[in-house]
Structure formats: C-alpha cells, structure tokens
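J.: Before we start, here is the structure in question, set down as structure tokens.
The values are calculated or read from the model by the stated rules, or taken from the named source; none is laboratory data. Just so it is clear, the model here is predicted, and its values are computed rather than measured. Here Cβ is always computed from backbone atoms with ideal geometry, including for glycine, and neighbour counts include all displayed protein chains.
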C-alpha cells in the first residue's frame, strides 16, 4: 500500500471531521521493504476496526479490506466480526477500499459515537425520581406521619425552611432571574397549600412541584444536581422535624 493509498484514506478520515484521539492506527510492512502491507484503524478501547491490505498477483497490485460492525442487541453493544471471504475477494481496485472505509466511518463509527455520547450523558444526568422517591411516600418516615392538617407551628416551620431553600438557590445563582421568579411563585404556592392539604398530600405536591420545575428549567448537569441536593435537604428537614413528628 503506497503512500498515496494511505494518504487517500486519511483524507477521507479528515473529511469525516472525527477526533483523531479516539482512534489508533497500526501498519505492517512487507519483509525487506518499506512499503506498507496493511492498514488497521481502530476505535480506542473497542473492537471496532477497519482493516485494509494490499497483495500482489501476477505482478499486479490488488487490495482487500474488511471491518467489524457496531450493533446494539437488547440494549447491549456488540462488535460483529466480518465474514471472511475467499482469495478471489482480494482482487479489487483501491476505489472499493475507499468506498468501504467511508461507509464504515459514516455508519458504524457514527453509531458507536452516538451510543457512547448517550451513555456518558446518562451517567451524568441526575435521576430525579430516585432523588425524590422518599418524598413521594415511599419513605418509611412518611408512613409514620399522622395524615392530618399542619398546625400553625408546623406551617411556620415549613415556610421558614422553604424560604431558606429559596435563598440558597438565589445566593448560589443556580437559576436565571426568570427561573428564580417562577421558583419563588412555586415556593409561595407550596407554603399556602400547607394550610389546606393534609401532610402526605402536601409532601407529594411538594415533590411534584420540584420535579416539574426541574423539567421546565434549563439546568446544567452540575446545577441540576446541586439544586436537587438543596431541595432534598429542605424536604428532609421538614419530614424529620420533631415538630411534625409529635
């Protein structure tokens, strides 16, 4: 495989606008010659590869190539090995190698990169329901509550706790001014609702309000996690307060 062949493949790679650091490149040479015999490009830390090589038959240079494929089967990523052809498959011109290389980059590599990005995003995103599951009545603490109305003392405690939470969100600038205005309205509504709803109904309403706000607000991942931690701590203080457990 002459330099012009390797350069052609690398030109196709550059045109695909992919990050070179995601790949490894290996070559082998003929014995006693500097000419490259095979060209192997592989996505790092995977079994996803493209392999091209050159052979000589009757003093004529021919080429062949193969590649693994990226598949998702039952939510599991797999790398499908190619079917190996007979010797007749070797006798082709370099255009076929170029077409297959471009197809591999455009299909299997792109599918893998999309899958990888999705998995990385999944790891970073907070699980809103898991974070607030206890506030929806799945926590043992809510089971021992008397499901009556809040007393005036309890109402004052809820008001102080939620306003403190609101102040922390504002101080840390976790949301925009417009979002802070919406959150202020939500907090005021929850404080008012504590005068009318039973304890367990109010806790479910508070958890739903927080989740609804999270879904509508434009959070960075870091701010979303921080916001949930503050909201969760505020609701835990309310749930475990000696005042409410009397």
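J.: Taking the conditions exactly as written (within 26 Å of residue 56 (Cα to Cα), in a strand (DSSP E or B) and either over 26 Å from the mean Cα position of the chain (by Cα) or modelled with pLDDT of 95 or more (or both)), does residue 4 satisfy them or not? It would help to see each step written out before you state the result.
T.: Values: within 26 Å of residue 56 (Cα to Cα): yes; in a strand (DSSP E or B): no; either over 26 Å from the mean Cα position of the chain (by Cα) or modelled with pLDDT of 95 or more (or both): yes.
No: the conditions fail for residue 4.
J.: Could I ask something else about it? Could you look through region 48-81, keep only residues that are surrounded by fewer than 13 Cβ atoms within 10 Å (Cβ to Cβ) and assigned to a loop (DSSP other than H, G, I, E, B), and pick out the one that is modelled with the lowest pLDDT?
T.: 58
J.: Which of (1) at pLDDT below 95; (2) closer than 14 Å to residue 112 by Cα; (3) assigned to a strand (DSSP E or B) is the odd one out, the single condition residue 18 does not satisfy?
T.: All conditions are met except number (3).
J.: Do we have residue 27 as over 19 Å from residue 99 (Cα atoms) and not in a loop (DSSP other than H, G, I, E, B) here?
T.: Working: over 19 Å from residue 99 (Cα atoms): yes; not in a loop (DSSP other than H, G, I, E, B): yes.
Answer is yes for this residue.
J.: What are the residues in region 29-56 that are under 37 Å from the mean Cα position of the chain (by Cα) and either without any contact (Cβ under 8 Å) to a residue 24 or more places away in the chain or closer than 10 Å to residue 1 by Cβ (or both), if any?
T.: Step one: list which residues in region 29-56 are under 37 Å from the mean Cα position of the chain (by Cα), which gives 38-53.
Listed by number, the residues that qualify are 38, 39, 40, 42, 44, 45, 49, 51, 52, 53.
J.: Let me spell it out: the conditions are (1) modelled with pLDDT under 90; (2) under 28 Å from residue 220 (Cα atoms); (3) not in a helix (DSSP H, G or I), and residue 132 meets all of them except one. Which number is the exception?
T.: Only one criterion is unmet by residue 132, namely (3).
J.: Within region 28-44, take every residue that is in contact with a helix residue (DSSP H, G or I) (Cβ under 9 Å, 6 or more places away or on another chain) and closer than 29 Å to residue 117 by Cα and give me the one that is surrounded by the fewest Cβ atoms within 10 Å (Cβ to Cβ).
T.: Among them, the one singled out is 44.
J.: Considering only residues of region 100-112 that are surrounded by fewer than 16 Cβ atoms within 10 Å (Cβ to Cβ) and either modelled with pLDDT under 95 or under 24 Å from the mean Cα position of the chain (by Cα) (or both), which is farthest from residue 77 (Cα to Cα)?
T.: Within region 100-112, the match that is farthest from residue 77 (Cα to Cα) is 106.
J.: Let me ask another. Which pairs do you get when a residue that is farther than 22 Å from residue 219 by Cα, found in region 170-199, comes within reach of a residue that is modelled with pLDDT under 95 and exposed (fewer than 14 other Cβ atoms within 10 Å of the Cβ), reach meaning Cβ atoms under 6 angstrom, with the pair 6+ apart or on two chains?
T.: These pairs meet every condition: 198/147; 199/147.
J.: With 195, 185 as the choices, which residue is touching a helix residue (DSSP H, G or I) at 6+ places or on another chain (Cβ under 8 Å), under 24 Å from residue 152 (Cα atoms) and surrounded by fewer than 19 Cβ atoms within 10 Å (Cβ to Cβ)? Outline the logic, then answer.
T.: Values: 185 fails: touching a helix residue (DSSP H, G or I) at 6+ places or on another chain (Cβ under 8 Å).
Exactly one residue qualifies, and that residue is 195.
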